[in-house]
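Novice: This is the structure, below, for whatever I ask next.
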């Protein structure tokens, strides 16, 4: 598969600048599908693809590293829980304290968790991406086979979003993967979970931090956030059953009482949880008991490292108030 991706990247780098997507059979099949399912004008869509060329840097950015090595929790955490991001998060929380408080009151999601997600995603708006979203998603939808189906779906969602907002599909900008605004919502999440939290009659995740705050909170609430419930607790483990518990995944299915032969900590909330391992090469593994809210954060980014980093950045922001 990697050889296939390298070949695709080589072709993108060497493609004539006049080449666009409009003439491709797979793109035309997509155009006809949009016409049949949603009533789009095929000629207008073809004109959009005629203006769109493959972006080699998008393929390069999304490809897995040549030598992935072993993931390191310590290295991952250090990228996000560090002085500059904490300071920026403190300023963000001070500036938008009213909006954050309103979001917590309405959705039940703590202000520091909302702020931490925005901090991890875009460094509070500093790193939202400058790729044309239509071109980036088109490149991934038709030139990145491992996830082509996903990105064709997101390209479809972007076109539907543009029609709903009466905007030019080429006007959207974001990450190399098509994620938009402060919270880096993919178009599907943008359509389903974004809210007009500043009540100005439109949703703008790139220019309205208030809309971003409300949208992040709405996303977490819609995925089952439990107000005033635990997120995760660091635990010590021992015994032969540790790996078996980890292999069950990050969905919370067992209570601490059901895991008491493995977990040596007492007085843990006896709610469904999962055992999470945060591995660092040549260092002791950190274990956390992840409750429902930890799992909810992984619906934003399906990585236990991500959820733990959000949790730790939130704690740092909370302690700095």
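Each reported figure results from applying straightforward, stated rules to the coordinates on display, with no laboratory input. Since this is a predicted model, take the numbers as computed values, not measurements. Neighbour counts run over all protein chains shown; Cβ positions are idealised from the backbone, glycine included.
Novice: Which of 103, 283, 222 moves most in a GNM of the chain, Cα contacts under 10 Å?
Specialist: Fluctuation is largest for 283.
Novice: Right, something else. Just report the Cα centroid separation between segment 249-306 and segment 185-204, whole Å.
Specialist: 31
Novice: Right, something else. Taking Cα atoms, how many degrees apart are the long axis of helix 148-165 and the longest axis of the chain, rounded to 10 and kept between 0 and 90?
Specialist: Value to nearest ten degrees: 80.
Novice: What nm value, rounded to one decimal, do you get for the distance between residue 57 and residue 35 when each label is placed 7 Å out toward the C-beta?
Specialist: Placing both labels 7 Å along Cα→Cβ, they lie 3.5 nm apart.
Novice: Taking only Cα atoms and a 10 Å spring cutoff, compute GNM fluctuations for the chain and point out the largest among 113, 246, 203.
Specialist: Result for the chain, Cα springs under 10 Å: 246 fluctuates most.
Novice: Springs between alpha-carbon atoms under 10 Å, Gaussian network over the chain: tell me which of 112, 277, 267 tops the mean-square fluctuations.
Specialist: Comparing 112, 277, 267 in the GNM, the peak value goes to 267.
Novice: What FRET efficiency do you get for residue 43 and residue 238 if R0 is 51 Å and r is their Cβ-Cβ distance, rounded to the nearest 0.05?
Specialist: 0.15
Novice: Would you mind checking the tilt of helix 25-38 against the longest principal axis of the Cα atoms of the chain, expressed as 0 to 90 degrees and rounded to 10?
Specialist: Orientation of helix 25-38: about 80 degrees from the principal axis.
Novice: Determine, for 98, 20, the number of other Cβ atoms within 10 Å of each Cβ, and report the residues in order from fewest to most.
Specialist: 98, 20
Novice: If you work out P(r) over Cα pairs in 20 Å bins from 0, in percent from the coordinates, which of (1) 36, 59, 6; (2) 32, 57, 11, 0; (3) 29, 53, 18, 0 do you get?
Specialist: So the calculated entry is the one marked (3).
Novice: When a footprinting reagent is the concern and you count Cβ atoms within 10 Å, what order do 237, 296, 70 take, fewest first?
Specialist: So the residues, fewest neighbours to most, are 70, 237, 296.
Novice: For each of 175, 97, 188, 133, count neighbouring Cβ atoms within 10 Å of the residue's Cβ, then give the residues from fewest to most.
Specialist: 97, 188, 175, 133
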